[in-house]
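Chemist: Below is one structure. I have some questions about it.
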């Protein structure tokens, strides 16, 4: 009943849809709040993946072999209808659907053409010519994981011929993350120019981690193509294809109407072709790509450009930080806000988010939920690894700190702040003098050696022993010139020294580095940006900040 009702309503006619429209002025705040949130997942689940519409042509015995997958069929009412050949009524079939956008571009969502015993490559090129297609966007590789995913329908090194369609690559431009090729299709006496975009870093049934680079490709497409016909395809023509179309239609909706509603767009896509945008992760990725297209250029700086424009970036940094801090966040703090954990937090205004917080292992004699809590988070880095950040432990939870070190197999600890004797009451000493041994719960700790490490740090080698067995060895770096009550370091070189530590190669078996400072949020997190300079300066926006900070 619900699906039938959904089918009969146009997206614009639903009162719920109208209420969910996001005006252009609120898009940044909306995306920052919803990306990766439960709200986004709940919204995605409201749209049926398949509608009760006829797919009879795809299921005919004569056409079944033309489908790459048994469960992926085009709706009859939106399918691309080819011209009939040799009076064969089934020769008009191809696994592709028209998708109605909001602008002047005509879209087609298609499966990747098949090669082999039953080839659909000639049908694919027939569709390109008959539908006056001028652009193809390919978000798959011809071969993935050793399996053919798309039939080779063009080749930059040779001229290919498919039942009278001659395909030549006239030129190729290799851009940093994608390729743009100019193809010429000859059919009889006519020639047809086609521009081909190829993005190669998106795994089948997986999620690309490259929202920025996909956004760059789509920005290139948008700046060069305002009308005409565009085919988008991957292998099946549903997941990756749907994600790209979701982004393009959201952009068109914003441009034409001054607002957007991602669920309205998703509904429109799935009325055109079943299962477009296959899963929640792809839906979230589409929102991330949209965010990059709209706001990424303002906040992302390549490492190569940094030195040339540093003064300019410093001038706008305060404004950008204030803007990011004012954006709403999807993060929740339900666990760390519980009254039972108040005594385990140094400051109730700096709490670990539910989605990022670390969990200790349960302990005998303690309730699991209580034994597992520590005010610490996992922080992602640019190389797809992560580090840990925690507050300086209170006197009564020093044990939890060392449990975190051992259970996470940390081999590097960085104490960002320096302490003196007046701080000991509030901030317990964590590292003793060389040769010192002391007991913390089940662990016996010993400082093997301590040396100066540059001008700003000292390095101690620490072993943790339990049951007379050496279980852990850690390098502990302690700042010697950044007082715990100072919000800023006395010199920026301290930050550079700390950032360099995070660039030291670690073995594949080593655990993440652990950063510890007064409140776990400031000042330890600012050193993460220098540690990411190998790739780019990444924006730290409100939806990525894993701690709550009051004010």
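Chemist: If you take the residues in the range 327-346 that are in contact (Cβ under 8 Å) with a residue 24 or more places away in the chain and outside any loop (DSSP other than H, G, I, E, B), which one is nearest to residue 29 (Cα to Cα)?
Modeler: Checked the range 327-346; the qualifying residue nearest to residue 29 (Cα to Cα) is 341.
Chemist: Shifting gears a bit: Would the range 221-236 turn up any residue that is within 19 Å of residue 100 (Cβ to Cβ) and in a helix (DSSP H, G or I)?
Modeler: Yes, there is a match, as at least one residue in the range 221-236 is within 19 Å of residue 100 (Cβ to Cβ) and in a helix (DSSP H, G or I).
Chemist: Condition (residue is assigned to a loop (DSSP other than H, G, I, E, B), surrounded by 13 or more Cβ atoms within 10 Å (Cβ to Cβ) and in contact (Cβ under 8 Å) with a residue 60 or more places away in the chain) applied to the range 182-198: is it met by at least one residue?
Modeler: no
Chemist: Here's something else I'd like to know. The conditions are (1) closer than 21 Å to residue 101 by Cβ; (2) touching a strand residue (DSSP E or B) at 6+ places or on another chain (Cβ under 9 Å), and residue 142 fails exactly one of them. Which is it?
Modeler: Of the numbered conditions (1) closer than 21 Å to residue 101 by Cβ; (2) touching a strand residue (DSSP E or B) at 6+ places or on another chain (Cβ under 9 Å), the odd one out for residue 142 is (1).
Chemist: Could you tell me whether residue 509 is out of contact with any helix residue (DSSP H, G or I) (no Cβ under 9 Å at 6 or more places or on another chain), modelled with pLDDT of 95 or more and more than 30 Å from residue 347 (Cβ to Cβ)?
Modeler: No: the conditions fail for residue 509.
Chemist: Something else now. Looking only at the range 344-382, how many residues end up being at pLDDT below 85 and under 20 Å from residue 36 (Cβ atoms)?
Modeler: Residues in the range 344-382 being at pLDDT below 85 and under 20 Å from residue 36 (Cβ atoms): 4 in total.
Chemist: Do you know which residues across the range 293-304 are under 19 Å from the mean Cα position of the chain (by Cα) and either without any contact (Cβ under 8 Å) to a residue 60 or more places away in the chain or in a loop (DSSP other than H, G, I, E, B) (or both)?
Modeler: 297, 298, 300
Chemist: Taking the range 473-505 as the region of interest, how many residues are over 21 Å from residue 391 (Cβ atoms) and surrounded by 19 or more Cβ atoms within 10 Å (Cβ to Cβ)?
Modeler: 1
Chemist: When you check residue 211 against the structure, is it free of Cβ contacts under 8 Å to residues at least 60 places away in the same chain and either touching a strand residue (DSSP E or B) at 6+ places or on another chain (Cβ under 8 Å) or over 24 Å from residue 271 (Cα atoms) (or both), yes or no?
Modeler: No, not satisfied.
Chemist: Which count do you get for residues in the range 243-292 that are out of contact with any strand residue (DSSP E or B) (no Cβ under 9 Å at 6 or more places or on another chain), closer than 30 Å to residue 145 by Cα and part of a helix (DSSP H, G or I)?
Modeler: Residues meeting the conditions: 16.
Chemist: Tell me, which residue of the range 405-426 that is farther than 24 Å from residue 504 by Cβ and in contact with a helix residue (DSSP H, G or I) (Cβ under 9 Å, 6 or more places away or on another chain) is modelled with the highest pLDDT?
Modeler: Once the filter is applied, the top-ranked residue is 426.
Chemist: Can I ask one more? Inside the range 148-181, can you point out the residues that are in contact with a strand residue (DSSP E or B) (Cβ under 7 Å, 6 or more places away or on another chain) and either free of Cβ contacts under 8 Å to residues at least 12 places away in the same chain or outside the structural domain of residue 121 (by TED's automatic domain parsing) (or both)?
Modeler: 159, 160, 171, 173
Chemist: Go over the candidates 370, 351, 315 one by one and state the one that is touching a strand residue (DSSP E or B) at 6+ places or on another chain (Cβ under 6 Å) and either in a helix (DSSP H, G or I) or surrounded by 14 or more Cβ atoms within 10 Å (Cβ to Cβ) (or both).
Modeler: One residue alone meets the criteria, 351.
Chemist: Looking at (1) outside any loop (DSSP other than H, G, I, E, B); (2) farther than 26 Å from residue 144 by Cα, which one does residue 240 not meet, given that it meets all the others?
Modeler: Single failed check for residue 240: (2).
Chemist: Which residues, taken from the range 347-366, are in contact (Cβ under 8 Å) with a residue 40 or more places away in the chain and in contact with a helix residue (DSSP H, G or I) (Cβ under 6 Å, 6 or more places away or on another chain)?
Modeler: 360, 361 - these are the residues of the range 347-366 that are in contact (Cβ under 8 Å) with a residue 40 or more places away in the chain and in contact with a helix residue (DSSP H, G or I) (Cβ under 6 Å, 6 or more places away or on another chain).
Chemist: Here's another thing I want to ask about it. Among the strands (runs of 3 or more DSSP E) lying completely within the range 417-520, list those that include at least 3 residues that are free of Cβ contacts under 8 Å to residues at least 40 places away in the same chain.
Modeler: Qualifying strands (runs of 3 or more DSSP E): 437-440, 443-453, 457-466.
Chemist: Here is a list: 445, 419. Which entry is under 16 Å from residue 516 (Cβ atoms) and assigned by TED's automatic domain parsing to the domain that holds residue 337?
Modeler: Residue meeting the stated conditions: 419.
Chemist: Return yes or no: is residue 24 in the same structural domain as residue 123 (by TED's automatic domain parsing) and in contact with a strand residue (DSSP E or B) (Cβ under 7 Å, 6 or more places away or on another chain)?
Modeler: yes
Chemist: Of all residues in the range 73-103, which are touching a helix residue (DSSP H, G or I) at 6+ places or on another chain (Cβ under 9 Å) and more than 19 Å from residue 276 (Cα to Cα)?
Modeler: 81, 82, 83, 84, 85, 88, 89, 90, 91, 92, 93, 103
Chemist: For the range 68-173, which strands (runs of 3 or more DSSP E) that fit wholly inside it have 2 or more residues that are at negative phi and surrounded by fewer than 21 Cβ atoms within 10 Å (Cβ to Cβ)?
Modeler: Correct list: 105-110, 133-138, 160-162.
Chemist: For the structure I just gave you, tell me whether residue 398 is surrounded by 14 or more Cβ atoms within 10 Å (Cβ to Cβ) and either over 23 Å from residue 36 (Cα atoms) or out of contact with any helix residue (DSSP H, G or I) (no Cβ under 8 Å at 6 or more places or on another chain) (or both).
Modeler: yes
The values are calculated or read from the model by the stated rules, or taken from the named source; none is laboratory data. None of these values were measured; they are calculated from a predicted model. All Cβ positions, even for glycine, are placed from backbone atoms using ideal geometry, and neighbour counts span all protein chains on display.
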